[in-house]
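The values are calculated or read from the model by the stated rules, or taken from the named source; none is laboratory data. This structure is a prediction, so every number in the text was calculated from the model and none was measured. Cβ placement follows ideal geometry from the backbone for every residue including glycine, while neighbour counts extend to all protein chains displayed.
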Amino acid sequence: MEKYRSGSSVCWNARRVIRLTNVSAGYAEGNILSHIELHVARGERVCLLGRSGAGKTTLLRLMSAALAPRTGILLLDNHDPHVLVGAALRRMRSTIAIIHQSHDLVDRASVAHNVLAGRLGRWSAWETLRTWIWPAADRLSEVHGVLQRVGLGDYLWHRCDRLSGGQQQRVAIARALYQQAQVILADEPVASLDPANAAEVIDLLIRTTHEDGRTLVASLHQPELARRWFTRLIGVRDGAISFDLPAAEVDDTRIAALFAP
């Protein structure tokens, strides 16, 4: 596998926020990923690139601590998430936001309520109930500010099932930003969007995470978007990493090999 060349190893080691060492993982039917070596530094914006079924979603599930490795070591911010329990586990999970292709919004609820849901992991049951019934003015003001960042400042009380696909994905991004997550994992976030909307959503993800210093790991199967917007590309094929390189070094030959039948 061709490896990504970072800068100073001392700085790199200190900034690692996701680290997988010789990790294999899968489900009841067997391993999906085998012998994965992958480090992501704080503030990086990384793209997992590959065909559908290559293992990208499983890799993101590992990074979110939704799936435990069968073998190897997984560290998130230098901690093993699978030994944490109770409040410590909730705090760790609140630092990671996941944006799915299907948006995972409450369709009949307002944009405001869907964005507010980003902080459910930080609130008590009583605080959650009170916020859902009667959101405080300061929280609504904060949500409105986040919505303005994603171009939906006038949609606070719109129902999500009345929005377009691109607008719904912007709500999902706003929810992740409101969550104050330090790591955003986006699983095929533009797979169901037309090319123009797809480019706008990827631009929005790159711009907002850069402005806030957040870490972004997104999976895509569109090489043209990956090479245009991301500086580091990780090719995933048949459950293994085939390359991990700066985007400028991922040429058409590597792309053709990655997507070959």
### Message
Just to verify a result, which residue in region 87-112, among those that are in a helix (DSSP H, G or I) and among the basic types (Lys, Arg), is surrounded by the most Cβ atoms within 10 Å (Cβ to Cβ)?
### Response
Arg93
### Message
Checking Gly55 against (1) modelled with pLDDT under 95; (2) at positive phi, only one condition comes out false. Which one?
### Response
(1)
### Query
Taking the stated definitions as given, is Leu84 at pLDDT below 95 and surrounded by fewer than 21 Cβ atoms within 10 Å (Cβ to Cβ)?
yes
### Task
Please work out if Ala199 is assigned by TED's automatic domain parsing to the domain that holds Glu44, surrounded by 23 or more Cβ atoms within 10 Å (Cβ to Cβ), over 11 Å from the mean Cα position of the chain (by Cα) and of a type in the set (Gly, Ala, Ser).
no
#### Entry: Members of region 82-101 that are touching a strand residue (DSSP E or B) at 6+ places or on another chain (Cβ under 9 Å) and in contact (Cβ under 8 Å) with a residue 12 or more places away in the chain
His82, Met92, Thr95, Ile96, Ala97, Ile98, Ile99, His100, Gln101
### Query
Of the residues that sit in region 113-133 and are modelled with pLDDT of 90 or more and either surrounded by fewer than 16 Cβ atoms within 10 Å (Cβ to Cβ) or among the small types (Gly, Ala, Ser) (or both), which one is farthest from the chain's Cα centre (by Cα)?
Ala117
### Message
Quick check on this structure: which one of Leu140, Leu152 is out of contact with any strand residue (DSSP E or B) (no Cβ under 8 Å at 6 or more places or on another chain), farther than 22 Å from Ser219 by Cα and not in a helix (DSSP H, G or I)?
### Response
Leu152
#### Entry: Residue among Ala248, Ala191 that alone is more than 20 Å from Leu62 (Cα to Cα), more than 19 Å from the chain's Cα centre (by Cα) and surrounded by fewer than 19 Cβ atoms within 10 Å (Cβ to Cβ)
Ala248
### Task
May I ask you to list the residues in region 35-82 that are in a helix (DSSP H, G or I) and closer than 27 Å to Ala257 by Cβ?
Lys56, Thr57, Thr58, Leu59, Leu60, Arg61, Leu62, Met63
### Task
Among the candidates Ala218, Ala226, single out the residue that is touching a residue at least 24 places away in the same chain (Cβ under 8 Å), assigned to a strand (DSSP E or B) and in contact with a Cys (Cβ under 6 Å, 6 or more places away or on another chain).
Ala218
### Summary
Scanning region 92-131 residue by residue, the ones that are closer than 27 Å to Asp77 by Cβ and among the small types (Gly, Ala, Ser) total 7
### Message
I'm trying to understand the selection: among the residues of region 181-197, which are part of a loop (DSSP other than H, G, I, E, B) and either of a type in the set (Val, Ile, Thr) or farther than 16 Å from Ala65 by Cβ (or both)?
### Response
Glu188, Pro189, Val190, Ala191, Ser192, Leu193, Asp194
